[in-house]
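The values are calculated or read from the model by the stated rules, or taken from the named source; none is laboratory data. Computed from a predicted structure; not experimentally measured. Neighbour counts run over all protein chains shown; Cβ positions are idealised from the backbone, glycine included. The accessibility values were calculated without ligands, DNA or RNA, using every heavy atom of the protein model including side chains. Shrake-Rupley method; radii C 1.70, N 1.55, O 1.52, S 1.80 Å.
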Amino acid sequence: MTSKNVVFKKISKDKSVGVYMGRRDFVDRVDSVDPVDGVILVDPEALQGRKVFVTLSCTFRYGRDDMDVIGIAFRRELYLTTRQVYPPLQDREKGVHNRTQAKLMRKLGEHSYPFFFEFPDNLPCSVCLQPAPHDVGKQCAVEFEVKVFSAESQDAKVRKRSTVKLLIRKVQFAPESEGDAPWAETTKDFLMSDKPLHLKASLDKEVYYHGEAIRVHVSLKNNSSKSIKNIVVSVDQVSNVVLYSNDSYVKCVAIEEHGDSVSAGGSLQKVFTLLPLLVNNRERRGIALDGKLKHEDTNLASSSIIKEGVLKEVLGIMVSYRVVVKLIVGGMVGSSEVVLEVPFKLMHPKPDAVRSRTSSSSRSSSART
């Protein structure tokens, strides 16, 4: 997440327009979304009578910009709205919605003008699939962009020298209320074995924050005549491209394998700890990220939350996570597997939730002292 004290700016090549924004990350809180705001700086002499417009767009891309199939580009505009900034259609001061805009306008002077957009309820959050190191050009992504341009009219041809674009991100915080802690269990019968194997896996909670360790409680009762040769516990990220292709990408983003074994008639109670992080998956193609801004880092994509009444196809790319517990069962003729999946959510914490948790930890430390 970007610092509150940073101002992002970009100027067109002909110096006619520039955009200034106090942030590039905008938060979807499920019931509301941060508005997109900033300030446009214009040079009346360089404009030579042209008007200035600003647009907010949400675009779904699938493949590189130059990748066509039977003449159709894999690109779809999910949302596009345009406002005229100059000449202003209302008093400059009436367009100011926050202190950041007011400060920028005082600093930039009389040729600066505010802009303000509100996101509609049905737009997805920013997400992109990580390209391989040798891939070039735009890849599969849902992107948001603020574009400022000068032209004779909104529909006139726009010159690149008179245009400036700034990518932004729409990210999502974890919801206020969580569901029950997820768990799953399965019973497996084997041929030539009178009694079954019983496996149960549970998590401490439904929602985990990026960078937070996941404790997986595994309970195994092996009443069968088979021996368990190994137990592998992992986290899978599942990315479903729901526009154009219906492709599904399953990527393991964290794994624990200690060589645990359980003999016939034995049992096991153990807690495995997993930490899914982008830093351990940077070179892997197809990993879903929370969007990516130029010169900035990002993280694994957050779980997608579908709002009521919104078609999932509009989301472009849907991301989910699951813990997978896999038992490698030995046998007389090769090995077999018993697999159990437990779904969970991986998201950003709300800042007040982080502060509350930090304060609680501090109070506990003081009490112990």
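Some notes on this structure:
- Residues of the stretch 172-187 satisfying the condition of being surrounded by 13 or more Cβ atoms within 10 Å (Cβ to Cβ), at pLDDT below 90 and not small (G, A, S): Q172, F173, P175
- Residues in the stretch 314-362 that are polar (S, T, N, Q) and over 15 Å from V253 (Cα atoms) were compared, and the one that is modelled with the highest pLDDT is S336.
- Among all residues of the stretch 125-133, there is none that is at pLDDT 90 or above, among the β-branched types (V, I, T) and open to solvent by 30 Å² or more (accessible area, probe 1.4 Å).
- Qualifying residue in the stretch 210-224 (condition: in contact with an Asp or Glu (Cβ under 8 Å, 6 or more places away or on another chain), on the phi < 0 side of the Ramachandran plot, open to solvent by 80 Å² or more (accessible area, probe 1.4 Å) and part of a strand (DSSP E or B)): yes
- Exactly one residue out of D155, D121 is open to solvent by 20 Å² or more (accessible area, probe 1.4 Å), touching a Lys or Arg at 6+ places or on another chain (Cβ under 8 Å) and in a loop (DSSP other than H, G, I, E, B): that is D121.
- Taken together, K160, K226, K147 contain a single residue that is in contact with a Phe, Trp or Tyr (Cβ under 6 Å, 6 or more places away or on another chain) and in contact (Cβ under 8 Å) with a residue 24 or more places away in the chain, which is K226.
- The stretch 302-331 residues that are in a strand (DSSP E or B), paired with ones that are open to solvent by less than 40 Å² (accessible area, probe 1.4 Å) and of a type in the set (D, E, K, R) (beta carbon under 6 Å, 6 or more apart): R322/D236; V324/D236
- Here K103, K4, K10, K94 are screened, and the one residue that is surrounded by fewer than 17 Cβ atoms within 10 Å (Cβ to Cβ), at pLDDT 90 or above and farther than 21 Å from F149 by Cα is K103.
- You will find that of K205, K229, K195, K200, the residue that is part of a loop (DSSP other than H, G, I, E, B), over 28 Å from V171 (Cα atoms) and of a type in the set (K, R) is K195 and no other.
- Answer residue from the stretch 1-54, given it is in a loop (DSSP other than H, G, I, E, B) and basic (K, R) and is nearest to T82 (Cα to Cα) among those: R50
- Residue, modelled with the lowest pLDDT, within the stretch 258-291, restricted to residues that are of a type in the set (A, V, I, L, M), in a loop (DSSP other than H, G, I, E, B) and open to solvent by 20 Å² or more (accessible area, probe 1.4 Å): A264
- Selection count where residues are out of contact with any strand residue (DSSP E or B) (no Cβ under 7 Å at 6 or more places or on another chain) and either small (G, A, S) or assigned to a loop (DSSP other than H, G, I, E, B) (or both), scope the stretch 161-176: 2
- Given (1) of a type outside the set (F, W, Y); (2) modelled with pLDDT under 90; (3) open to solvent by 50 Å² or more (accessible area, probe 1.4 Å), number of the condition C140 does not satisfy: (3)
Residues checked against (1) touching a Ser or Thr at 6+ places or on another chain (Cβ under 7 Å); (2) over 30 Å from P131 (Cβ atoms); (3) aromatic (F, W, Y):
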position: P175; (1), (2), (3): no, yes, no
position: E185; (1), (2), (3): no, yes, no
position: L197; (1), (2), (3): yes, yes, no
position: V216; (1), (2), (3): no, yes, no
position: D236; (1), (2), (3): no, no, no
position: I255; (1), (2), (3): yes, no, no
position: S267; (1), (2), (3): no, yes, no
position: P276; (1), (2), (3): no, no, no
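- One residue alone among R61, R75 is surrounded by 14 or more Cβ atoms within 10 Å (Cβ to Cβ), farther than 30 Å from K350 by Cβ, modelled with pLDDT under 90 and not polar (S, T, N, Q), and that residue is R75.
- Contacts under 9 angstrom Cβ, first residue in the stretch 80-109 being closer than 16 Å to D43 by Cα and of a type outside the set (G, A, S), partner part of a helix (DSSP H, G or I) and open to solvent by 60 Å² or more (accessible area, probe 1.4 Å), 6 or more apart: M105/R92; M105/E93
- For the stretch 196-213, the count of residues that are touching a His at 6+ places or on another chain (Cβ under 6 Å), of a type in the set (S, T, Y) and within 30 Å of G330 (Cβ to Cβ) is nonzero.
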